[in-house]
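So the structure is just underneath, and the comments pick up after that.
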Amino acid sequence: MDNERDHNTSKKNKRLGLMIWFRLSRVYNHSIRRNNEHLKEWGLTSAQFDILIQVGIHEEITQKELGEKLFVTKGNITQLLGKMEKLGWIKRHQDWKTKTISLTDKGQHLYDEVVPDQEEFQASQFYGLDPEEQLQLIDLLKKVQKHMETHTDKN
């Protein structure tokens, strides 16, 4: 009897976990679509925005440091930087083996225009939750992330 109850509980937990995963996937995908549409107002992709943020925050950053902060491959970074340089948003410098990147005046103007608006847009996606619920969601997501990072098995 206990074995059957444990099996049913396990099935319910599995089903609940799947429902959560599907809901998170839908929210994430919807958020990404909205985010991409919003960035199109400035002719930016999400990857370009990510680079703009990182370079703008650090004022000058090495290509290696930038690569460690982004979620794109080394080849993609080189391609993105080339395009952003052609658009006049960034400039690259090389001091012996170290390549650094900084914003041009045009890039700084874009940064100053886009970042506050984009931050407000991203934050507004959670205005359906009151501040206490937002903090609770952060705590729950941290807990899920910690569990995922410490449990590498497939169960």
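FYI, it's all coordinate maths here, none of it is from the lab. In this text, all values refer to a predicted model and were calculated from it rather than measured experimentally. So basically every Cβ, Gly included, is an ideal-geometry build from the backbone, and we count neighbours across all protein chains shown.
Simple rule: put +1 on each Lys or Arg Cβ and -1 on each Asp or Glu Cβ in the stretch 9-126, find the dipole, and look at PHE49, PHE126, GLN63; the Cα lying farthest toward the positive end is PHE126.
For the chain, take the alpha-carbon Rg, divide it by the Kirkwood Rh, and send me Rg/Rh. Please list the in-between numbers first.
Working: Rg = 21.0 Å, Rh = 18.8 Å.
Reported Rg/Rh, Kirkwood definition of Rh: 1.12.
Counting only residues at least eight positions apart within a chain, or on another chain, the aspartates and glutamates with an alpha carbon under 17 Å from that of LYS14 are GLU4, ASP6, ASP153. Test of understanding: in a Gaussian network model of the chain with alpha carbons linked when under 10 Å, which of LEU80, LEU66, LEU141 would top the mean-square fluctuation ranking? Result: LEU141 has the largest fluctuation of those listed.
Is there a pair in LYS64/LYS91; LYS11/LYS142; LYS40/LYS142 whose C-alpha atoms are over 21 Å apart, and which pairs would that be?
Details: LYS64/LYS91 15 Å; LYS11/LYS142 25 Å; LYS40/LYS142 31 Å.
Beyond 21 Å between Cα atoms: LYS11/LYS142; LYS40/LYS142.
Under a Gaussian network description of the chain, with springs only between Cα atoms under 10 Å, the residue in GLN54, GLN94, GLN125 that fluctuates furthest is GLN94.
Remark: relative contact order (the chain) = 18 percent; criterion is Cα-Cα distance under 8 angstrom and separation of 6 or more residues. Build a GNM of the chain with springs between Cα atoms under 10 Å apart, and of LYS97, LYS86, LYS69 the one that fluctuates most is LYS97. Quick note on the stretch 90-136: its Rg to Rh ratio, both from C-alpha atoms and Rh being the Kirkwood radius, is 1.31. Straight Cα distances below 16 angstrom link LYS86 to the aspartates and glutamates ASP105, with same-chain residues fewer than 8 positions distant left out. Where the centre of each part is set by its Cα atoms, how far does the stretch 8-46 sit from the stretch 85-116, in angstrom? Here the answer is 32 Å between Cα centres.
Please get the size of the charge dipole for the chain, origin at its Cα centre, with Cβ charges of +1 on Lys and Arg and -1 on Asp and Glu, quoted in debye to the nearest 20. Show your work: numbers first, answer last.
Values: 24 positive and 24 negative charges, 192 e Å.
Here the chain has a charge dipole of around 920 debye.
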